[in-house]
Amino acid sequence: MEINAVLSLGEEGVEDSYAGKLYLIPSYLAFTSLDRKSVRFTIPLSTVRRVERLNARAGVYALSLSTWHSMKIIIQLTSLRPTADAFCAILREALKAELQRGQMKAVKGFVKTCYSEALISTTSSVAENEREDGSLITEIKEGSPLPEIEYLGGLGLRFRFPGDPKKLREASKIKLWTTYLRTHGRNLTLLRYPQCTRLVQVGLPNRLRGEIWETLSGSLYLRYTNPGKYDELVDETKGKNSTSFEDIEKDLHRSLPEYAGYQSEEGITALRRVLQAYSFKNPEVGYCQAMNILAAAILIYMSEEQAFWLLEVLCDRLLPGYYSPTMHGTLLDQRVFESLVMRCLPIIHDHFSVVDVQLSVASLPWFLSLYINSMPMIFAFRIVDCFFCMGPKVLFQVGCAILKINGEKLLQVQDDGGFLNLMREYFASLGESAHPASSDPRARAITRFQELLLVSFREFAVITDETILSERRRYRNEIVNSIEIFSKRSAVRNLKTLARFTKEQAGLVYDALYMAMCVEPPPPDVTPPPLLLATNDGTQDRPETRVGLRTFRVFLSEVLTWARNEKIVTNGFQQRIDREVAEHEVIDRLFYFWDTSCKGSLSFQDLVSGLDGVMFNDLMDNIEWFFNLHDKNKDGYLTKDEVLTLSESFLFIFRHEIGDAYLGAVSRFMTNAFEYGDTLLPQETNSETGETGPQEIGHNQPYLNLATFRMVVLADEILESFFETDLSASFRLEHVPDLELPTTGSGFLGDLWSNIATEDNKKIFHKFSDELGKTIGKHQVVYRPTFGRYTKLEEPKARESLISPAHKSTFTFSDTDTLVSRSSESTLTVDAIAAQDNGPVSALSSAGFSPMPHVKAVKAAFMERTPFAIDDAGDDDDYDDDSDLDMVHGEDDDQVMDEVDAFLEAHDSGLTDADKKVAQGEPHFK
């Protein structure tokens, strides 16, 4: 819940009121000023000791909060009285819940781990045990363990902190921060006033740096709410091994090797535990290069547990996507940085474009390592201080300032090498005077680093958080598409074999696979069981993405015509094409047929190899492939049950075909299969009748071999045509349209439309329009055949005309004709030849395809059809009733005979002229 409020400290004579929003979220109370930067705080409810209503003047609703550190906060609620009462009631219940959970008891033990408690305490003697830089003073020999201390600290306590404490003015900084922490809270109850930001820009003292980092970033609250979690993760990682762990071991000794702490086993061990714990907790991220630099820098000022939670916040919230496998966050921010340089420093940008110098060759390491790997540590840590206080915009501001300060020299650069050398020289001189020739001693005292911060925060203050977010949204599509192109090329390049595919065709398989993964995400990766037989060659399979059965069905519907149901729907208001994923036992059988490694999932390589086994086959190969698909135990024989299953597969594949041609082919296949199969069985003579016949076998016994199956298929023209061309042709690799991510650059109307035109809302509209179409009688559905090689509609034998039983009424349609049925009638199908030419759904939609001409053609075709009375026969139970024969469609016997005459006249190709005269009742004389 949120409410308007005015914040002030309970100090007499101090006017420091700030208007803003007060937020009550589970277990926390937060405040943000209206400008979102002057005053902020987030305090756990467990640190609130007392809340009381102030007896203020009439019309003022004010609360006084006393925190753990005896700090009083005055909050004036400026909303309406009912809203204020509701807020107070919820706050009261939340405080009771915290008390019952026992969280308030945990505060005392937690704050002891923070150095600020010992610094503020009047009875503490921490200053006596510290050197000037903040490291501990010990009289024991080097290499011995440190004495027990309650507060947490990093490697700097033992191995010293970087930099000269006198030049860094450590003593002055400690005094300033001590004063601030006494009046504005500390650790869990710290209030971030404007003075806090100014102190951070001046530089944090070494001893307080770790605690202030975790407080400003919010990782302090993660550590507070998850006590002991880090130790549990460390215990779980013991004895484990993974690819991430191996990469971590390679980079351990390359992590700030110049610092003394990482020249000892103590520092290396601490760094290893933190990185392994993070990669173990976040397996989808694992470990990325440059993560070791961040962790190594953090561990100088923080304990392992503190560093772990700060790394969690860095990778997940402050720098999302920077350290992911694709590094999409880094690439996106590099594109944003290039855009800002083009806007703020157009001359430098134009020069770089002319000489073809890539800005990212230098800026990418800046952003990835937060400048730690590019400039001296004492200066890089100052930038990190500002980063945690002010957010990611600091990286862009400092980057632009570096380019502007070196602008004249950059215009002389002609290649990437010159650019890198110039930046290296500049970073090495950050401690030197920015104006060495000035006569003013104050100007000479200004270092180049101080000049850098001054230019960053003054001249590039126009780069705000809103600017960064807007630019990220603007270039997100571009970066995602480029990453996908690169990932596809890498995946195709890493295939063990392309078989008969080209790289372009394999890329189309990749597109269909990942489109299916977007529609039906695969289950999370599961660690494979250990191999029973291990080799000693040290090789390990490359980790790969695998999909399950549900995702495979969606994938197959993208590349296989009979694995989907496509129908054209018209309802009088719209025409659209609906595609549905088909489900059948043959699709599931195909999944396990391609799973040659028996892992219960398929990889990209499995799909490529599986498609290669059918898309490029000839007649005989396709027959054998289909046979093996249904040979469950791979013994070279089909049982009777498997023959029936194979027939059901035929019926599923031919389910949308026109007429009885394919149905008759399946019927003849079953008859011939069992007839030929019986002839191959051993013959036996019945002792009772003396007749000789095939031996009886069980339904699960070998029955039909490949040679016999091939003979049965080749005996039927339709099945032969199916295996010769149609089966392979039904696998189609088509371009998948790029998925457009939502953007915010289209203004208010664009945002409104993007919120309205969602997939769920489209489905609701389609359903509503279909119901209206059914109501007005204009709802029509057209199913698209898979093959459509036979475009004649043959009436079933039960409906043959009794007048001319040998002649079957047929209708042959052109390539553009379609058969349509009303929603209340039996559903027919569309001609597949026209459907195949039209391409996928997206192609039809983009081409403005409209099924209305097809519907009109169908109506016209049905109007031209001779309306034989026999076609509208009544129920069988009333067949013997003569009265029903007297009236058919409301016509008498004469009208029926007129229909017979019309039929004979239309089909008189076999009559002579004399026969025609006799049929017309005219006399004929020889």
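The values are calculated or read from the model by the stated rules, or taken from the named source; none is laboratory data. Predicted model only: the values in this text are computed from it and were never measured. Cβ atoms come from the backbone with ideal geometry, glycine included; neighbour counts cover every protein chain shown. Note: areas computed on protein heavy atoms with side chains; ligands, DNA, RNA excluded. Shrake-Rupley method; radii C 1.70, N 1.55, O 1.52, S 1.80 Å.
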Of the criteria (1) modelled with pLDDT of 90 or more; (2) in a helix (DSSP H, G or I); (3) open to solvent by less than 70 Å² (accessible area, probe 1.4 Å), which one Phe501 fails: (2)
Number of the exception - Val394 against (1) free of Cβ contacts under 8 Å to residues at least 24 places away in the same chain; (2) touching a Cys at 6+ places or on another chain (Cβ under 6 Å): (1)
Some residue of the stretch 607-619 being over 30 Å from Leu495 (Cα atoms) and among the small types (Gly, Ala, Ser): no
Contacts under 6 angstrom Cβ, first residue in the stretch 417-445 being over 19 Å from Phe352 (Cβ atoms) and part of a loop (DSSP other than H, G, I, E, B), partner open to solvent by less than 40 Å² (accessible area, probe 1.4 Å) and among the β-branched types (Val, Ile, Thr), 6 or more apart: Gly431/Thr447
Filter result for the condition that a residue is closer than 21 Å to Ala506 by Cβ, buried (at least 18 other Cβ atoms within 10 Å of the Cβ), in contact (Cβ under 8 Å) with a residue 60 or more places away in the chain and within 35 Å of the chain's Cα centre (by Cα), over Val559, Val569, Val554: Val559
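Every residue, every condition in (1) in the same structural domain as Val398 (by the TED database); (2) open to solvent by 20 Å² or more (accessible area, probe 1.4 Å), yes or no:
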| position | (1), (2) |
| --- | --- |
| Gly321 | no, no |
| Val341 | yes, no |
| Val354 | yes, yes |
| Ala362 | yes, no |
Selection from the stretch 202-245 of residues that are in a helix (DSSP H, G or I) and free of Cβ contacts under 8 Å to residues at least 12 places away in the same chain: Lys229, Glu232, Asp235
Where a residue in the stretch 318-347 is at pLDDT 90 or above and its partner, wherever it lies, is outside any helix (DSSP H, G or I) and of a type in the set (Phe, Trp, Tyr), with Cβ under 7 Å and at least six apart: Gly329/Tyr322; Thr330/Tyr322; Cys344/Phe460
Failed criterion for Thr269 (all others in (1) more than 18 Å from Ile383 (Cβ to Cβ); (2) in contact (Cβ under 8 Å) with a residue 24 or more places away in the chain hold): (2)
Tally of residues being in contact (Cβ under 8 Å) with a residue 12 or more places away in the chain and closer than 30 Å to Asp612 by Cα across the stretch 460-488: 7
Members of the stretch 589-605 that are more than 25 Å from the chain's Cα centre (by Cα) and open to solvent by 40 Å² or more (accessible area, probe 1.4 Å): Arg589, Tyr592, Phe593, Thr596, Ser597, Cys598
Residue in the stretch 619-635 that is nearest to Ser730 (Cα to Cα), counting only those that are of a type outside the set (A, V, I, L, M) and open to solvent by 30 Å² or more (accessible area, probe 1.4 Å): Asp621
Answer residue from the stretch 364-392, given it is in contact with a Phe, Trp or Tyr (Cβ under 6 Å, 6 or more places away or on another chain) and assigned to a helix (DSSP H, G or I) and is farthest from Glu466 (Cα to Cα) among those: Phe379
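Residue-wise test of (1) out of contact with any helix residue (DSSP H, G or I) (no Cβ under 7 Å at 6 or more places or on another chain); (2) open to solvent by less than 50 Å² (accessible area, probe 1.4 Å); (3) modelled with pLDDT of 85 or more.
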{"site": "Glu696", "(1), (2), (3)": "yes, no, no"}
{"site": "Leu706", "(1), (2), (3)": "no, yes, yes"}
{"site": "Phe709", "(1), (2), (3)": "no, yes, yes"}
{"site": "Ala729", "(1), (2), (3)": "yes, no, yes"}
{"site": "Arg732", "(1), (2), (3)": "no, no, yes"}
{"site": "Pro742", "(1), (2), (3)": "no, no, no"}
{"site": "Gly745", "(1), (2), (3)": "no, no, no"}
{"site": "Gly750", "(1), (2), (3)": "yes, yes, no"}
{"site": "Trp753", "(1), (2), (3)": "yes, no, no"}
Every pair of residues 6+ apart whose Cβ atoms lie under 9 Å, when the first sits in the stretch 638-650 and is among the basic types (Lys, Arg) while the second is open to solvent by less than 10 Å² (accessible area, probe 1.4 Å) and assigned to a helix (DSSP H, G or I): Lys640/Gly677
Hey, Arg448 in contact with a strand residue (DSSP E or B) (Cβ under 8 Å, 6 or more places away or on another chain) and either open to solvent by 30 Å² or more (accessible area, probe 1.4 Å) or within 20 Å of Glu338 (Cβ to Cβ) (or both) or not: yes
Matching residues, the stretch 52-104, being among the charged types (D, E, K, R) and either under 19 Å from Ser17 (Cβ atoms) or open to solvent by 50 Å² or more (accessible area, probe 1.4 Å) (or both): Glu52, Arg53, Arg57, Lys72, Arg81, Asp85, Arg92, Glu93, Lys96, Arg101
Selected residue [in contact with a strand residue (DSSP E or B) (Cβ under 9 Å, 6 or more places away or on another chain) and at pLDDT 85 or above] from Gly156, Gly185, Gly163, Gly109: Gly185
Residues that are open to solvent by 20 Å² or more (accessible area, probe 1.4 Å) and either outside the structural domain of Phe723 (by the TED database) or out of contact with any Phe, Trp or Tyr (no Cβ under 6 Å at 6 or more places or on another chain) (or both), drawn from the stretch 636-651: Gly636, Tyr637, Asp641, Glu642, Leu644, Thr645, Glu648, Leu651
Filtered residue count, the stretch 154-167, keeping only those that are part of a loop (DSSP other than H, G, I, E, B), out of contact with any Asp or Glu (no Cβ under 8 Å at 6 or more places or on another chain) and surrounded by 18 or more Cβ atoms within 10 Å (Cβ to Cβ): 2
